[in-house]
Structures are given as C-alpha cells and as structure tokens.
Amino acid sequence: MTAFEADPESLASDAERAAFVSQAGRSTDSQHLTHVTDDLVYDLTFWLAYLSNLLTTIANGMMVRYADFIDVIGGDERQLGLIVGCGMIGSIAIRLAQGSAVDRYGAGRVWLWSLATYSLSLLLHLSLSTAYGPGVFVVRAMMQASLAGIFGSSITFTALRVRPGRMAEVVGSLGTSGFIGLMLGPVISDWLGSGDRTPQQFVPLMFCGGIALTVCSLVATWLATRHAVVPVRTHRPALLQVVKTYHPLMISIAAVMMGAGFAIPVTFLRPFASEISLSHVWPYFAVYSATGFAARIASRSMFERLGNRPVIAMGLMLLSLSFVCYLPVSRTWHLFVPAAIAGAAHALLFPSIMSAGTGAFPRHCLGVATSFILAMFDMGTLISAPIAGAFLRSARQYTDNAYPWMFAGTAVVFILVTIVFCTSQAAHQVASNDAAEEPESGSQASGDKPRFS
C-alpha cells in the first residue's frame, strides 16, 4: 500500500471530491524533496534521520518506569492510567495542527521544534510534586504532543524522499530504530534504578538521561534536514474537510486497537511485575524489540506482495493472542512469550496501517494524513489506559487477581475487533485496491493520478 492521491471517481460524492481536489491543487514533489530515486533511499540523510529516531526512542523507552515517577509524587494505578490517558488528549489535539504545519512549513522544521519541546517537557517533570494537580496533566500532555510531532514529522520527512511504492518499506526500515530504542531504553532505566538508589533518587536521573539523549537527537535532526526544501505556500483546503473527505474508517479502528495494544503493557507492566514480585521489566522489552526488529526486517517485502489487509489482520490476531499469554505469567522468563508475539504484531501493524491509512489522502496532504493515523494510535491510549486503570482499582475490591482479569478482558475485545475488521467491506476494499496496484514509476511521483487505497 502506498501514499497515493485519491482518485475522486473511486470515492462517494464525485462532484464534491472533484471540487475538493480542484481546490487543493497539485503540489509537485519538488516542493517537498530533492530526490525520489531508489538509489538514494538509504543515503546519509536517511541514516541521520535513523540516528535521530533511535536516540528519541531510547529516551522515550526510558519512560517505561513512568509509574515510579507517579508513585514518587503520590499517585496510584488509577491515577497513573488517568494521567497517561489524559496526556494523550494533548497529543490528539495537536496532531492535525502539526500535520498541517508539516505540509506548510516542512517536516524538518516541525521535527526540530518538537524535539525542543520534548526536552522542555522532560525538564518540567522535575518540578512536579503531586499526582493530583493540573500540572502533571499539562506536562504529560506537552510531552505526548511533542512526541507526536517528532514521529509524525520524521515519518513524513522520510516518506517524501521516496516514490510512493516504497513508502511501507522505508517507513518500516525507519521504524526498526524504534525497536532498538525500546530495547535499550528500559535497560538503561532499570540500570539507573538498580542498586541502592531509591525511587526519589532514580526518577531525576531518568528524566535527565532522556533530556541528554533528546538534545543529541536534535543535533542529528538538524544535520539530516538542513538542506531540506521548504514546501511552496499554496492554497490548501480546510483541515477538517481533508480529514472528512479522505479518512478510512476501518484502518482508523485498527490504528486505535494497535495504540491500545501498545499502551497497556507499557503503562501497566511495571506495576504488574511488582505485584508478582518481578524486579525487572527490561527483559520483556528486550525480547519485544528484538522480535519486532527481526519481524520488521523479514517482512520488508511482504506489504507489496500480500497487500495491507492480510498483514493488518495477522497483526491484530497476534496482538489478541499476546494478551492471553500474560495470564500464566509468574516468572520473568514467562514474559518472553507475550513480548515476542506483541513485538511481531507491532512489526506488522505499524507500516501496514500507516501505508493503508495515508494512502487514502492526497500526497500533498501527507503531513495531515500521517498525523491523523498517528492520532488514531494515540486515541487507543486515551481510551484504554484510563479504562484499564479504573478496572484494576475496581476489581481489587472483589479479587486479588485483577491483572489476569484485565488481560483476559482486553484479549476478548481485541478478538472481536479483529473479526469485525476481517469481515468488513472496508477492509476488503483495501485488499482489492492492493491487488489492483500497478508497478510504480518516477512519473507517478511527479503528479500522475494514483488510485484510492
């Protein structure tokens, strides 16, 4: 699946879509990039972007012990879920504005601004003293909003440097940096929190380490984007009109489910491990990342061969299974099974959902498209984290096994959504358009009218 412009004749309300595209106009690729040849995909600019993403994801991976921070400032599991969930409101609220800014001012600029804001948000965490005041919600929202800008602009910057036919591959390749970062970040975080250090001593080290890594990431980003061409200012249709016209419903639902499937372990694995007397969580993330990295590399050509629908369906099935595998966990090595399955699911879902979702939008709106799909991932966190936290608090009144019930209930929900996705007409439409794709050429990147996907 590729980031094609939509064909107005393939959509409902032909006249409205034709008018929309006419109003939007066509942006030539020269407004966004300098090269779209296959030979230059993995050049120095790509690897600088890769390094920047790696450093950022290591910093973000260190936040897997965010629960320790909430505990230090007096919060419980319910408050943790509420803070994490509400923090995503900031991310979602700013996603589309960031997407529009990417299309107007260039991905490079937004990427740099977002990294600076992320550094500031980590620093502001050190000034907080309570988990029940508005400050922690504001700072968490700021942190998540800046992460939204970082990953949205980095994906857009990288995607715009290649022809549409290789978007899933290149986004997937860039995404391997995330698996490495997610593997290293928790190891560093657990190391900082080991020994005789108290949580009060560990938490400042966690945030300061994240700040240092983010500053290094900012330098790498500047080197990668310093020669980027700023988009030409052209008249663009209203933001909400873009989203209303092109957003793909079932792909959006799949993105929400993936966001929830990632958020629940990241948010609640640490307190779950503490409850069953497991001292470290880094082995989970090491296996998750290693499996995800290997699966991402192994599946690089799968997206073009099979299309996005079967890959998304496989990913959702694996994610459902991963939650079942938390039920018998009682030792650290037991976490390896759900970690491996969830890592493989992540490797399949992210590129296929991004490619299928952004493929429904015009290419000159790729910033908005990327931000919209990422906002759906965030929506999964917004919905799932507070519900899971509230469930755990309520369930403790009736059982000592609150976590197994939470994991089992989550698995049931994922299985039902997977069935709906596999049987939906919209998902089959994705499959039929995948099958109908023809080989891409450089001429399409220059403005030939692509197909809806």
Of THR57, THR358, THR332, THR156, how do they rank once you tally other Cβ atoms within 10 Å and put the fewest first? THR332, THR57, THR156, THR358
With x for Gly and Pro, the residue-by-residue ³J(HN,Hα) of the stretch 102-119, computed from phi through the Karplus equation 6.51 cos²θ - 1.76 cosθ + 1.60 at θ = phi - 60° and given in whole Hz, is 4, 5, 8, 10, x, 5, x, 5, 4, 4, 5, 4, 5, 5, 4, 5, 5, 4
When a footprinting reagent is the concern and you count Cβ atoms within 10 Å, what order do ILE150, ILE297 take, fewest first? ILE297, ILE150
Pseudo-spin-label distance GLN200 to LEU44, built 7 Å along Cα→Cβ, given in nm, is 5.0
Karplus-derived HN-Hα couplings along the stretch 310-321 (A = 6.51, B = -1.76, C = 1.60, θ = phi - 60°), whole Hz, x at Gly and Pro: x, 5, 4, 4, 4, x, 5, 4, 5, 5, 4, 5
LYS244 to SER274: extension gain in nm, 0.36 nm per residue of separation minus the Cα-Cα distance? 6.4 nm
In sequence order, what are the phi-derived ³J(HN,Hα) couplings for the stretch 342-350 according to the Karplus relation 6.51 cos²θ - 1.76 cosθ + 1.60 with θ = phi - 60°, rounded to whole Hz, with x for glycine and proline? 5, x, 5, 4, 4, 4, 7, 6, 4
What are the principal axis extents of the Cα atoms in the stretch 251-404, in Å, biggest first? 52, 31, 22
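Taking Cα pairs under 8 Å and at least six residues apart, what relative contact order does the stretch 118-172 come out at, in percent?
Details: 22 pairs, mean separation 15.8, N = 55.
Once normalised by length, the contact order is 29 percent.
How much length, in nm to one decimal, is gained on full extension between LEU223 and LEU126, taken as 0.36 nm per residue of separation minus their Cα-Cα distance?
Working: separation 97, 0.36 × 97 = 34.92 nm, distance 2.97 nm.
That pair, LEU223 and LEU126, stretches by 32.0 nm at full extension.
Arranged by the count of other C-beta atoms within 10 angstrom, fewest first, what order do ARG95, ARG109, ARG197 take? Before the final figure, lay out the partial values.
Details: ARG95 27, ARG109 16, ARG197 12.
Ranked by crowding around the Cβ, least crowded first: ARG197, ARG109, ARG95.
When the chain is fully extended, how far beyond the present Cα-Cα distance does ARG396 get from ALA294, taking 0.36 nm per residue of separation?
Numbers: separation 102, 0.36 × 102 = 36.72 nm, distance 3.83 nm.
Length gained, ARG396 through ALA294: 32.9 nm.
FYI, it's all coordinate maths here, none of it is from the lab. The structure displayed is predicted, hence computed values, not measured ones. Neighbour counts are summed over all protein chains in view; Cβ atoms, including those assigned to glycine, are modelled from backbone coordinates with ideal geometry.
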